[in-house]
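Report on the structure given below.
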Amino acid sequence: MKRSVTLTAALRIGGVALLAIGSLPTRSSAQYPTKPPASAPLKPASLPPFQEALLTNGVRVVLVEDHRSPVVAFRLALPAGSVHDPKGKTGLASMVAGLLTKGAGSSSAEQIAETIERAGGSLVAFTENDFLSVTGNVLSNATPLAFELLGDVIARPAFSAKEVDLVRTQTLSSLQLDAADPASVASRFFTAGLYGAHPYGASATPSTVRAITAADLKTFQTARLRPRGAVLVVAGDITMPVLKQLSEKAFTGWTGAPAAAAVVAPAPARSKSEIVLVHRPGSVQSNVLIGNLAMGPADSARLAASLAVNILGGGADGRLFTILREQKSWTYGAYAQLTRVRGIGYFFASTEVRTEVTDSALIEAIAQIKRITTEPIPVQEFERKKGSIVGSFPLSIETPQQLAERVASVKLYGLPANYLQTYRTKMSAVTPAQAQAAARRVMRPSAALVVVVGDGAKLYDKLARIATVRIVNVDGDVMQPGDLTPKAMTLALDFSKLSARRDSFVVFVQGNPLGSSVYVLEQRDGGWTYGEKTNVMNGMIAQETSLQTDGALAPQRLSQSASMQGQKTQTTIDFANGRAKGTAGVPSQTGPTTKAIDVEMPAGTLMSEGLQAAIPLFRWADGATFTVNLFSSGKGIVQPVTLTVVASESVTVPAGTFDTWKVEQKGGESTVVLYVSKDAARRIVKIAPVGQPIELRLAK
């Protein structure tokens, strides 16, 4: 029998009581839906029509007219990306892009920045593999100003000597940061391994950047930054007649076609898996990349392939993330991606894991790649991921800036004209079988390149059980398994030149004197004491070191106190019986921490803090190369470092002008250039960490 309850409501109006009595069904009798409502049929994305025109100088113009907000966004793209860098000068296109907005026409870098910011907009130049682009956005009432600046930066860049030097310094600094970032190191070796001699595999290095001259920059700009072949995509509050008028005026005098592209070698084919182990001593985690060359940008199976890649590693609900992080607790994240370039792009999966579980994580990641190519994808998992992609797509074309970027990709990569309009309907039509077939095309785990950046001494044996391993250091030099552990060595030093000394340096930061550093070597009974005291920016960075050694400069005790932006640390290490034992203070984002040190010290090992004391003892000559084991107290490791004379150079410092050997110190935490005087004293007159805006120059 159906139960009911009585609802009584009293309402008094003007003192008269009205009584309403009725029956309502109880909560238990309510009929709730058990399934979500069916989705409405998908419709093509509603976008304004693309209007196209050809300027008199050959620039293709594409306009997406939209007057809903008073904003205009644009992207001017030219076939002048890094793929066109000359051999030995990788980084040229990127430096050209960096200079375009640093002075053009009659405006300086500061005037360009101030003008576009005052207009409430932005103007940025950058490079990718295939294209050099200038992008920007402004309020529509400032569009004439924006196009005037665009015309100047692309057709009339200044390339002043001051800005060239600044961009070179910034580029070197960026490379130095990349060299210290294991994810960047992994990416560099991964693309080089995939593409070989093809330009897609090339990466800028300090030597290629230093080889780029002002004439190279101008030649590249003159040869490649030409209007024919360029595409200008504009989205927002503007009409085609106005756009053409502004563009023609802005590009006055800019004519011609780019030089023919050089013929490039094809990317190599890979028939079996290989692991490239990049030895980074002391790393507590490993950066892992797994992948292979995949497909071109307009391949008909690309939508299905991208869906399969998303199921594998597209965010926190991807299989890699769920298994490697949520189930195994091996990592903070694991992802997969399919890249797009004009040629053949690549598929890759990536993760960062603790050193001790690197092999396990690699095996599991490869297993998951194999699984998606061989096992049917469950319908629920498939539909959930597909629905997420389809549903979020409109968010990627909301603003004029987003729309300009999306439309530019369609035009630059030769995608179908209606690609954006039909993206959701075509993606929605992909079936699990199609996604799996596409996965088999783009994922080849049995012929994958694997790059692992980590501590090779702890990783090699485990990785060698998975696949063939090739070992290199972070500079790309080939290593053998026996090289992973530093060995005892005898240093051929001239101890007759060992004497007490005191050297004072001025610390320059970005060319400004902002501190001092004093190095003192004093003799004591049976040995030496090396002291160092550094103070930069009124104590923001300060360090005081005392190192006691025996008569051959072998370390006996290190005491060091330091302060960095308020974080104070203390390090104390004793050296005896072939080991270094103690504690080292380490600054971090969460505050200073203390690391326990207990490390084997092979015979002949010197302290990195005391290397300066040994510099006069090396037998310097043109082209000389020396290898020495250095112990780093900060990392708690011993690693070989090479000192190579790369040039002779006259150097002027506050202490005077010196003829010097330019010595490159490589293999430690960073590359450092030392300038060693050729006189009998063999003093270091300048210390310059590569890519960093800091130098130590001898004062007296």
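The values are calculated or read from the model by the stated rules, or taken from the named source; none is laboratory data. Since the model is a prediction, treat every value here as computed from it, not as a measurement. Cβ coordinates were reconstructed from backbone atoms using ideal geometry, including for glycine residues, and neighbour counts include every protein chain displayed. Ligands, DNA and RNA are excluded from the accessible area calculation, which covers all protein heavy atoms including side chains. Shrake-Rupley method; radii C 1.70, N 1.55, O 1.52, S 1.80 Å.
Overview of results
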{"item": "Residue check, Leu514 open to solvent by 40 Å² or more (accessible area, probe 1.4 Å) and either within 38 Å of the chain's Cα centre (by Cα) or farther than 25 Å from Ala688 by Cα (or both)", "result": "yes"}
{"item": "Residue match in the stretch 88-106 (condition: among the charged types (D, E, K, R), over 14 Å from Ala250 (Cβ atoms), part of a loop (DSSP other than H, G, I, E, B) and open to solvent by less than 40 Å² (accessible area, probe 1.4 Å))", "result": "no"}
{"item": "Hits in the stretch 412-428 (condition: in contact (Cβ under 8 Å) with a residue 12 or more places away in the chain and outside any loop (DSSP other than H, G, I, E, B))", "result": "Leu412, Leu420, Gln421, Thr422, Tyr423, Arg424, Thr425, Lys426, Met427, Ser428"}
{"item": "Among the candidates Arg280, Arg270, Arg228, residue that is touching a residue at least 60 places away in the same chain (Cβ under 8 Å) and over 30 Å from Ala183 (Cα atoms)", "result": "Arg228"}
{"item": "So Ala576, is it free of Cβ contacts under 8 Å to residues at least 60 places away in the same chain, open to solvent by 30 Å² or more (accessible area, probe 1.4 Å) and touching a helix residue (DSSP H, G or I) at 6+ places or on another chain (Cβ under 9 Å)", "result": "no"}
{"item": "Single match in Val379, Val341 (criterion: open to solvent by 50 Å² or more (accessible area, probe 1.4 Å) and either touching a residue at least 24 places away in the same chain (Cβ under 8 Å) or touching a Ser or Thr at 6+ places or on another chain (Cβ under 7 Å) (or both))", "result": "Val379"}
{"item": "Unmet criterion (only one of (1) more than 14 Å from the chain's Cα centre (by Cα); (2) farther than 14 Å from Ala97 by Cα) for Ser184", "result": "(1)"}
{"item": "Complete set of residues in the stretch 469-493 that are of a type in the set (Val, Ile, Thr) and exposed (fewer than 12 other Cβ atoms within 10 Å of the Cβ)", "result": "Val478, Thr490"}
{"item": "Complete set of residues in the stretch 109-144 that are among the polar types (S, T, N, Q), over 27 Å from the mean Cα position of the chain (by Cα) and surrounded by fewer than 20 Cβ atoms within 10 Å (Cβ to Cβ)", "result": "Gln111, Thr115, Ser140, Asn141"}
{"item": "Residue that is in a strand (DSSP E or B), more than 37 Å from the chain's Cα centre (by Cα) and not small (Gly, Ala, Ser), where the choices are Thr534, Thr529", "result": "Thr529"}
{"item": "Verdict on Ala204 being in a loop (DSSP other than H, G, I, E, B) and surrounded by fewer than 21 Cβ atoms within 10 Å (Cβ to Cβ)", "result": "no"}
{"item": "Residue that is out of contact with any Pro (no Cβ under 6 Å at 6 or more places or on another chain) and modelled with pLDDT under 95, where the choices are Gly291, Gly282", "result": "Gly282"}
{"item": "Selected residue (only one of Leu225, Leu217 is under 30 Å from Glu65 (Cα atoms) and either surrounded by 15 or more Cβ atoms within 10 Å (Cβ to Cβ) or among the polar types (S, T, N, Q) (or both))", "result": "Leu225"}
{"item": "Of residues in the stretch 593-638 being of a type in the set (Gly, Ala, Ser) and open to solvent by 60 Å² or more (accessible area, probe 1.4 Å), the one nearest to Gly454 (Cα to Cα)", "result": "Ala596"}
{"item": "In the stretch 49-80, the residues that are outside any strand (DSSP E or B) and touching a Leu at 6+ places or on another chain (Cβ under 6 Å)", "result": "Val59, Pro70, Ala80"}
{"item": "Those residues of the stretch 422-458 which are open to solvent by less than 10 Å² (accessible area, probe 1.4 Å) and either in contact with a Phe, Trp or Tyr (Cβ under 6 Å, 6 or more places away or on another chain) or of a type in the set (Ser, Thr, Tyr) (or both), in sequence order", "result": "Val442, Met443, Val451"}
{"item": "Residue that is surrounded by the most Cβ atoms within 10 Å (Cβ to Cβ), among those in the stretch 639-655 that are aliphatic (A, V, I, L, M) and closer than 13 Å to Leu698 by Cα", "result": "Val653"}
{"item": "The lone exception for Gln176 - which of (1) farther than 30 Å from Ala448 by Cα; (2) open to solvent by less than 30 Å² (accessible area, probe 1.4 Å) it fails", "result": "(1)"}
{"item": "Residues (within 25 Å of Leu78 (Cβ to Cβ) and not aliphatic (A, V, I, L, M)) located in the stretch 166-186", "result": "Arg168, Gln170, Thr171, Ser174"}
{"item": "Set Phe189, Phe159, Phe147: member being open to solvent by less than 60 Å² (accessible area, probe 1.4 Å), on the phi > 0 side of the Ramachandran plot and in contact (Cβ under 8 Å) with a residue 60 or more places away in the chain", "result": "Phe159"}
{"item": "Candidate set: the stretch 271-329, residues that are of a type in the set (Asp, Glu) and in a loop (DSSP other than H, G, I, E, B); chosen: the one least open to solvent (accessible area, probe 1.4 Å)", "result": "Asp299"}
{"item": "Contacts under 6 angstrom Cβ, first residue in the stretch 52-67 being open to solvent by 10 Å² or more (accessible area, probe 1.4 Å), partner at pLDDT below 95, 6 or more apart", "result": "Glu65/Pro48; Asp66/Pro48"}
{"item": "Residue match in the stretch 327-349 (condition: within 26 Å of Arg465 (Cα to Cα) and in contact with a Pro (Cβ under 9 Å, 6 or more places away or on another chain))", "result": "no"}
{"item": "Filter result for Gly14 (at pLDDT below 95, open to solvent by less than 50 Å² (accessible area, probe 1.4 Å) and farther than 30 Å from Phe131 by Cα)", "result": "no"}
{"item": "Meets criteria (of a type in the set (Asp, Glu) and under 23 Å from Phe505 (Cα atoms)) for Glu600", "result": "no"}
{"item": "Wholly within the stretch 585-700, strands (runs of 3 or more DSSP E) carrying at least 2 residues that are of a type in the set (Ser, Thr, Tyr) and more than 19 Å from Tyr519 (Cα to Cα)", "result": "593-600, 625-632, 637-653, 656-666"}
{"item": "Count of the stretch 656-696 residues which are of a type outside the set (Lys, Arg), surrounded by 18 or more Cβ atoms within 10 Å (Cβ to Cβ) and more than 24 Å from Arg168 (Cα to Cα)", "result": "4"}
{"item": "Single residue of the stretch 609-666 satisfying the filter (modelled with pLDDT under 90 and charged (D, E, K, R)) that is nearest to the chain's Cα centre (by Cα)", "result": "Lys666"}
{"item": "Residue in the stretch 382-421 that is most open to solvent (accessible area, probe 1.4 Å), counting only those that are within 19 Å of Leu42 (Cα to Cα) and of a type in the set (A, V, I, L, M)", "result": "Leu395"}
